[in-house]
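Peer 1: Sending over a structure as structure tokens; questions will come in a sec.
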Amino acid sequence: MKQKVAIVTDGACSLTLEQANEYGIHMAPIYVNIDDKTYIAGVNLGGPEFYQLQRASKKLPTTSQTTAEDFLKIFTKLADEAEEIVTITISSKMSATIQSAEMAKKQFTKVPVHIIDSESVSLGQGMMAIAAAQAAKEGQDAESVIHLVEEIKKRMNVIFTVRTLEYLYKGGRIGGATAFLGSALAIKPILYIKDGVIEPLEKQYTRKKSIARLVEIMKERIGDKPVHVAILHGDAEEEAYVLENQIREKFNYVQLIKAEIGPVIGVHAGPGTLGLVFYSME
């Protein structure tokens, strides 16, 4: 018997293949180009290997969006398994991936396809996909799943700190955070996703303070409400562990995920990125 809804997202969501499989999420590939070689993020290039290559590479690695053909292959496969397909993409202001999904949708007539711009990235997008997949597993229809994702989207917070703005600047993903570039070497900025773009939130002058502020900002926004939270790190395992312990001590979490920022985001944020992704439905 067909399931009512299948959930598709793209490789910018920072979920590993194992996590995607666990939740029943179908992940379209995003490509990473390093020193004239092309890898598929999360398939033949994971986080640890990527950061080693990034450090060694003389050229800045780049990413290529999911193609319409990639989406078409997934949609065709899922047409036999589901009555409808809901696709959640990386922010349209950061990538043209959504255009590929729209092109594939136009060419595809077997089952209805619904496309949602997450207006987010990494586990902001990934947590929407997880919630959608859980709702789909419970037997909810496409309309209910879309409504849930839109509600989470309104509540989603993505805040993070980077060791340097260099990678965001060179990769053209810096958004309003250019305001910080004047003293970029001295500051440890806190950035956030606003309306699908990276914007500056605060300046801090030490790494320790910027990490402490991540937790304080989450507390200011969430308080004691039940919270869904993800800890993100790019080659910063020990600091992520410290952050995780603080979340466990200080928050009423109903879901806690830890993930390494994979190559797609790592290309732009660089090693040492550390962040919190969170929302509450109350």
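The values are calculated or read from the model by the stated rules, or taken from the named source; none is laboratory data. These numbers were taken from a predicted model, which means no experiment stands behind them. FYI the Cβ positions are ideal-geometry reconstructions off the backbone, even for glycines, and counts take in every protein chain you see.
Peer 1: Do you know which of the residues in the stretch 164-201 that are at positive phi and not charged (D, E, K, R) is modelled with the highest pLDDT?
Peer 2: The extreme case among them is 196.
Peer 1: Would you pick out the residues in the stretch 221-243 that are assigned to a helix (DSSP H, G or I) and under 11 Å from residue 159 (Cβ atoms)?
Peer 2: Result: 221, single match.
Peer 1: From the list 207, 248, which one is surrounded by 14 or more Cβ atoms within 10 Å (Cβ to Cβ) and among the basic types (Lys, Arg)?
Peer 2: Result of the check over 207, 248: 207.
Peer 1: Hey, another quick one. What tally of residues in the stretch 1-56 results from selecting those that are more than 16 Å from the chain's Cα centre (by Cα) and touching a residue at least 60 places away in the same chain (Cβ under 8 Å)?
Peer 2: Residues meeting the conditions: 13.
Peer 1: OK, next. Within the bounds of the stretch 137-146, is there any residue that is within 19 Å of residue 75 (Cα to Cα), assigned to a strand (DSSP E or B) and not assigned by TED's automatic domain parsing to the domain that holds residue 259?
Peer 2: no
Peer 1: Return the total of residues in the stretch 229-282 being over 21 Å from residue 90 (Cβ atoms) and among the hydrophobic types (A, V, I, L, M, F, W, C).
Peer 2: Qualifying residue count, the stretch 229-282: 9.
Peer 1: Name the residue, out of 72, 60, that is under 15 Å from residue 10 (Cβ atoms) and not assigned by TED's automatic domain parsing to the domain that holds residue 164.
Peer 2: So the residue among 72, 60 that is under 15 Å from residue 10 (Cβ atoms) and not assigned by TED's automatic domain parsing to the domain that holds residue 164 is 72.
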